[in-house]
1. So for the pair GLU384, GLU291, with labels modelled 7 Å out along Cα→Cβ, what separation do we get in nm?
2. With +1 on each Lys and Arg Cβ and -1 on each Asp and Glu Cβ, and nothing else charged, work out how big the dipole of segment 1-125 is about its Cα centre, in Debye to the nearest 20.
3. Between segment 1-54 and segment 335-359, how far is it from one alpha carbon centroid to the other, in angstrom?
4. Calculate the spin-label point distance for GLU64 paired with ALA266, positioning each point 7 Å from the Cα along the beta-carbon direction, and give it in nanometres.
5. How much mean residue ellipticity at 222 nm does the chain get from its helices, if each DSSP H run of length 4 or more adds -39500 (n - 2.57) and you divide by all residues, to the nearest 500 deg cm²/dmol?
6. Anything over 27 Å Cα to Cα? Flag those among LYS39/LYS135; LYS93/LYS386; LYS353/LYS386; LYS175/LYS219; LYS39/LYS172; LYS219/LYS354, in the order listed.
7. Give me the net charge for the shell around ARG125: Cβ to Cβ below 14 angstrom, other residues only, Lys and Arg +1, Asp and Glu -1.
8. Might you report the magnitude of the Cβ-based charge dipole of segment 269-391 about its Cα centre, with Lys and Arg at +1 and Asp and Glu at -1, to the nearest 20 debye?
Amino acid sequence: MNYILFDGPVRNALLPFTFTRPVADIRIGILTIREKWEKYLGYTTTTITEEYLSEKYPMVEMEENILINASFLPNEVLVEMIKSLEKNQAIFKGEEVVAFFTNNTQEEVDFDTYEIIDYNEEGLRIEHTWDIFAKNDAALREDFELLTEGRTSQPIPKSVNVISPENIFIEKGAKLEFVTLNGSTGPIYIGYNSEIMEGSVIRGPFALCEEAQVKLATKVYGATTVGPHCRIGGEVNNSVLFGYSNKGHDGFLGNAVLGEWCNIGADSNNSNLKNNYDEVKLWSYETEGFEKTGLQFCGLMMGDHSKCGINTMFNTGTVVGVSTNIFGSGFPRNFVPSFSWGGAAGFSTYITKKAFETARIVMSRRHVEFTEQDARILEHVFEETKKWRKE
């Protein structure tokens with residue numbers, strides 16, 4: 001069977017992260033949503049997404065296809081329902097389509113002609129940016145079971161101070177000595193060729209993905225995911241770093257999500273709790289205003305390729321777009337549009353030529369090419385986000 005993941009109606013609610021990727025390629029737990037589906041289904045997937053992303057993330061259509069709403073995370077019940085789908089059948093949760101069968105001769109899909117199958121499980125779904133950290137605990141536990149079932153961990157080094165070793169899984173090539181791992185609060189996954197430096201203290205649930213690194217004497221609270229090739233240091237709490245991003249020095253990152261190729265300067269901090277303990281509001285790209293999150297703790301949302309200088313201070317509930325460069329004293333405003341250059345004293349436009357030069361240098365350091373395809377995507381984001389910048 002050919003499985004296709006589609007963005008669905010929540011795509012705009014997941015900006016700025018979906019400016020540069022389909023919903024399916026958001027990381028939550030240990031794996032991306034796509035990786036979860038592929039592992040459960042046993043098949044590779046392709047994507048229906050925005051036209052400007054489709055060159056990098058193409059769709060492959062075959063004679064018979066099952067389309068899956070990528071905002072829904074897989075579980076055993078849902079996967080079995082999807083594998084059993086036949087022609088003119090669709091799975092719905094309430095008013096929302098979860099998956100449906102289609103063929104390449106159908107000009108349009110009319111669900112009035114479909115047999116509707118109800119999905120009544122409580123499974124995980126990502127509908128807002130803050131869900132990525134707020135639901136990371138549950139997603140991480142599920143991924144841990146998925147990845148470690150029937151497998152044996154590498155031995156825990158003797159110098160490691162460990163609590164609940166049965167909840168710790170270490171992949172080949174991982175390096176860790178003289179650290180503290182507390183698995184009593186949730187599982188701890190340490191990925192291929194990753195490293196935890198001496199003096200670090202980590203409470204689960206926690207995931208350190210392939211080639212990622214925890215710097216000296218770092219303090220980590222669950223549920224935190226450090227994506228592939230990321231670096232963390234200082235104090236990190238309930239945060240998700242997608243991949244290739246750095247928060248390598250002292251300072252606090254909490255209830256936060258960083259996309260790819262981000263860099264947090266030394267001694268930078270984000271607030272995750274308002275002084276009056278009130279509910280946090282967050283910038284919405286859908287309504288173009290600040291919307292209630294229902295959360296008391298909510299920190300920083302930072303899109304791909306964004307950076308901040310040393311000693312940057314972020315207010316509670318700050319949204320930073322794609323390819324921004326933030327520096328200077330004081331708190332920048334709590335919505336920083338994509339391709340902004342500056343800080344609390346004011347912003348100017350970060351022109352694409354300079355942004356792309358930086359991206360090429362940063363990516364080459366990790367032996368990744370900044371392609372013309374990447375440039376075209378960011379050019380589109382630059383144009384699409386003009387309305388929010390003060391030119």
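1. It is 1.6 nm.
2. It comes to approximately 700 debye.
3. First find each Cα centre; the distance between them is then 27 Å.
4. Here the modelled spin labels are 6.1 nm apart.
5. -4500 deg cm²/dmol
6. LYS93/LYS386; LYS219/LYS354
7. Surrounding charge for ARG125 is -4.
8. Using Cβ point charges on Lys, Arg, Asp and Glu, segment 269-391 gives about 380 debye.
The values are calculated or read from the model by the stated rules, or taken from the named source; none is laboratory data. Here the structure is a predicted model, which means the values were calculated and not measured. Backbone-built Cβ (ideal geometry, glycine too); neighbour counts: all protein chains shown. Side chains included, ligands, DNA and RNA excluded: accessible areas come from the protein's heavy atoms. Shrake-Rupley method; radii C 1.70, N 1.55, O 1.52, S 1.80 Å.
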